[in-house]
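The values are calculated or read from the model by the stated rules, or taken from the named source; none is laboratory data. Everything quoted here is computed from the prediction, not taken from an experiment. Cβ placement follows ideal geometry from the backbone for every residue including glycine, while neighbour counts extend to all protein chains displayed.
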Amino acid sequence: MQVLKQLVGGGFIIGWNIVVTSIICVVIGLVIPLRMSDEQLLIGDDAVHGEEAYALWGDGEKYDGTKHGLYSDDTGHHRSASGTTQML
(Lines give C-alpha, C1' and ligand atoms only; values in the text may rest on other atoms or scores of the structure.)
Protein backbone atom coordinates (compact mmCIF):
# COMPACT_ATOMS: atom_id res chain seq x y z
CA MET A 1 0.00 0.00 0.00
CA GLN A 2 2.85 2.40 0.83
CA VAL A 3 4.53 1.80 -2.53
CA LEU A 4 1.27 2.63 -4.32
CA LYS A 5 1.02 5.93 -2.42
CA GLN A 6 4.60 6.76 -3.37
CA LEU A 7 3.97 5.94 -7.04
CA VAL A 8 0.84 8.13 -7.05
CA GLY A 9 2.76 10.94 -5.34
CA GLY A 10 5.63 10.65 -7.81
CA GLY A 11 3.20 10.68 -10.74
CA PHE A 12 1.48 13.76 -9.34
CA ILE A 13 4.78 15.62 -9.01
CA ILE A 14 5.80 14.70 -12.57
CA GLY A 15 2.43 15.91 -13.88
CA TRP A 16 2.57 19.07 -11.77
CA ASN A 17 6.05 19.89 -13.11
CA ILE A 18 4.93 19.40 -16.72
CA VAL A 19 1.90 21.66 -16.26
CA VAL A 20 3.67 24.45 -14.35
CA THR A 21 6.70 24.44 -16.66
CA SER A 22 4.40 24.64 -19.68
CA ILE A 23 2.54 27.59 -18.16
CA ILE A 24 5.81 29.38 -17.40
CA CYS A 25 7.07 28.81 -20.96
CA VAL A 26 3.80 30.13 -22.45
CA VAL A 27 3.94 33.27 -20.30
CA ILE A 28 7.59 33.90 -21.16
CA GLY A 29 6.80 33.22 -24.83
CA LEU A 30 4.22 36.01 -24.74
CA VAL A 31 6.92 38.47 -23.66
CA ILE A 32 10.00 37.31 -25.59
CA PRO A 33 10.59 34.59 -28.18
CA LEU A 34 11.83 31.32 -26.72
CA ARG A 35 13.68 30.33 -29.87
CA MET A 36 16.03 32.14 -32.24
CA SER A 37 14.86 32.84 -35.76
CA ASP A 38 15.95 30.46 -38.52
CA GLU A 39 18.38 33.10 -39.81
CA GLN A 40 20.05 33.40 -36.41
CA LEU A 41 20.22 29.61 -36.07
CA LEU A 42 22.03 29.39 -39.40
CA ILE A 43 24.51 32.08 -38.32
CA GLY A 44 25.26 30.23 -35.11
CA ASP A 45 25.88 31.06 -31.46
CA ASP A 46 29.36 32.42 -32.03
CA ALA A 47 28.17 35.17 -34.39
CA VAL A 48 24.92 35.99 -32.58
CA HIS A 49 26.28 36.10 -29.02
CA GLY A 50 29.92 36.81 -29.76
CA GLU A 51 31.12 33.75 -27.89
CA GLU A 52 31.43 30.02 -28.34
CA ALA A 53 29.37 27.83 -26.03
CA TYR A 54 31.41 25.74 -23.57
CA ALA A 55 34.78 26.85 -24.95
CA LEU A 56 36.95 26.41 -21.90
CA TRP A 57 40.61 27.31 -21.80
CA GLY A 58 42.53 24.06 -21.96
CA ASP A 59 39.69 22.30 -23.76
CA GLY A 60 40.91 22.94 -27.28
CA GLU A 61 40.85 26.72 -26.99
CA LYS A 62 44.15 28.56 -27.24
CA TYR A 63 44.99 30.97 -24.45
CA ASP A 64 44.38 34.54 -25.57
CA GLY A 65 45.51 37.26 -23.18
CA THR A 66 43.18 39.78 -24.80
CA LYS A 67 40.15 37.60 -24.01
CA HIS A 68 41.17 36.08 -20.71
CA GLY A 69 43.20 38.89 -19.21
CA LEU A 70 46.68 38.56 -17.85
CA TYR A 71 47.57 35.17 -16.46
CA SER A 72 49.62 35.10 -13.33
CA ASP A 73 50.71 31.97 -11.53
CA ASP A 74 51.39 34.02 -8.41
CA THR A 75 48.35 33.05 -6.37
CA GLY A 76 49.75 34.07 -3.02
CA HIS A 77 50.15 30.52 -1.73
CA HIS A 78 53.93 30.54 -1.77
CA ARG A 79 54.55 30.69 1.97
CA SER A 80 57.11 28.89 4.03
CA ALA A 81 55.79 26.01 6.05
CA SER A 82 55.52 26.92 9.71
CA GLY A 83 55.01 23.38 11.00
CA THR A 84 51.41 23.98 12.03
CA THR A 85 48.17 23.15 10.29
CA GLN A 86 45.88 26.05 9.55
CA MET A 87 42.17 25.38 9.97
CA LEU A 88 39.93 27.22 7.52
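Whenever a residue of region 24-40 is part of a helix (DSSP H, G or I), its partners that are of a type in the set (Val, Ile, Thr), lying with C-beta atoms within less than 8 angstrom and at least six residues away or across chains, give the pairs Gln40/Val48. Is there a residue being modelled with pLDDT of 60 or more and among the aromatic types (Phe, Trp, Tyr) anywhere in region 58-69? Within region 58-69, none of the residues are modelled with pLDDT of 60 or more and among the aromatic types (Phe, Trp, Tyr).
The residue that is modelled with the highest pLDDT, counting only those in region 41-52 that are outside any helix (DSSP H, G or I) and of a type in the set (D, E, K, R), is Glu51.
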